[in-house]
Amino acid sequence: AQSVAQPEDQVNVAEGNPLTVKCTYSVSGNPYLFWYVQYPNRGLQFLLKYITGDNLVKGSYGFEAEFNKSQTSFHLKKPSALVSDSALYFCAVAGTGGFKTIFGAGTRLFVKA
Amino acid sequence: GAVVSQHPSRVICKSGTSVKIECRSLDFQATTMFWYRQFPKKSLMLMATSNEGSKATYEQGVEKDKFLINHASLTLSTLTVTSAHPEDSSFYICSASGRDRGTDTQYFGPGTRLTVL
């Protein structure tokens with residue numbers, strides 16, 4: 001069975017500092033990995049995905065994520081955080097074919113000015 | 001990215017009434033649509049998956065007679081909450097995927113806040 005874990009309920013970071021939001025996964029076969037962001041009372045916005053290819057994936061708004069197969073991780077990163085990055089971030093995993101996507105519990109990111 | 005709309009964004013109804021929520025893909029053909037429910041400070045719970053022209057596949061524990069899903073066209077899916085009760089109050093989010101946007105990526109609607117009095 002596939003699963004995804006986001007070990008941190010909340011991440012606090014100062015504006016201008018680098019940020020990391022952690023995600024680990026478990027899936028049989030080659031994983032399809034995604035990051036989404038949700039602002040208050042809104043749906044989810046797609047940030048980036050890893051299907052195959054380079055382990056470092058670049059996405060929207062300056063975010064990137066690194067696929068690490070040995071550690072089964074797909075951490076979200078940004079070199080310099082903005083206050084406007086404050087939101088709820090979801091990691092998601094799907095099995096081969098991209099079907100039946102499972103979402104993590106979400107990590108709330110607070111960026112202080 | 002692809003655009004998915006939901007209507008209404010908010011709805012308040014009395015207990016026992018039915019509520020219909022529409023999900024539309026505005027700029028692509030959505031061969032598959034998903035319906036999620038999100039509880040406060042919780043992740044998304046997949047309720048059902050629907051393919052255009054087929055019956056929806058419901059997740060375990062989701063009552064298909066209570067949450068009616070119709071995916072009649074490649075741009076529209078509807079979720080009807082029948083005989084709504086206060087415990088059905090929640091944030092309902094749809095998503096869509098399609099061949100021309102990559103079947104592996106879901107594009108989400110803005111969500112519908114349902115409050116049942």
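Taken together, the values in this text are just the output of simple stated rules run on the coordinates, not laboratory data. Not measured: the values here are computed from a predicted model. Quick reminder, even Gly has a Cβ in these numbers, built from the backbone with ideal geometry, and neighbours come from all protein chains shown.
From other protein chains only, count the Cβ atoms within 10 Å of every residue's Cβ in B:41-49, then give the mean. Present the calculation step by step, with values, prior to reporting the outcome.
Working: counts 5, 2, 11, 12, 1, 4, 0, 0, 3.
Taking all residues of B:41-49 together, the mean is 4.
Mind giving me the nanometre distance, one decimal, between the label points for A:ASN30 and A:GLN2, set 7 Å out from Cα along Cα→Cβ?
Output for this residue pair reads 1.4 nm.
Taking the Cβ of each residue in A:VAL37, A:VAL21, B:VAL11 as the centre, tally the other Cβ atoms inside 10 Å and list the residues starting with the fewest.
B:VAL11, A:VAL37, A:VAL21
Rg/Rh for the protein assembly as shown to two decimals, with Rh computed the Kirkwood way over all alpha-carbon pairs.
Working: Rg = 17.6 Å, Rh = 18.1 Å.
Using Cα coordinates only, the ratio equals 0.97.
Given the options B:THR75, B:THR31, B:THR57, which has the most mean-square fluctuation in a GNM of chain B, springs set between C-alpha atoms less than 10 angstrom apart?
Residue with maximal mean-square fluctuation among B:THR75, B:THR31, B:THR57: B:THR57.
Could you give the length gained by full extension between B:HIS85 and B:LYS20, i.e. 0.36 nm per residue of separation minus their alpha carbon distance, to one decimal place?
22.0 nm
Rank the residues B:SER5, B:SER43, B:SER18 as a footprinting-exposure proxy: fewest other Cβ atoms within 10 Å of their Cβ go first. Intermediate values should be presented prior to the final figure.
Details: B:SER5 15, B:SER43 18, B:SER18 12.
Fewest-to-most ranking of B:SER5, B:SER43, B:SER18: B:SER18, B:SER5, B:SER43.
Between B:THR49, B:THR32, B:THR105, which gets the highest mean-square fluctuation from a Gaussian network model of chain B, Cα cutoff 10 Å?
Between B:THR49, B:THR32, B:THR105, it is B:THR105 that shows the largest mean-square fluctuation.
For chain A, modelled as a GNM with alpha-carbon contacts under 10 angstrom, which of A:LYS58, A:LYS100, A:LYS22 fluctuates the most?
With Cα springs under 10 Å in chain A, the top fluctuation among A:LYS58, A:LYS100, A:LYS22 is at A:LYS100.
Just tell me how shielded A:37-49 is by partners: mean number of partner chain Cβ atoms within 10 Å of each residue's Cβ, no decimals.
Mean partner shielding for this stretch: 5.
Most exposed first by the Cβ proxy, i.e. fewest other Cβ within 10 Å, how do A:THR107, B:THR112 rank?
Ordered by Cβ neighbours within 10 Å, fewest first: A:THR107, B:THR112.
Expressed as a rounded percentage, what relative contact order does chain B have, with Cα pairs under 8 Å and six or more residues apart?
37
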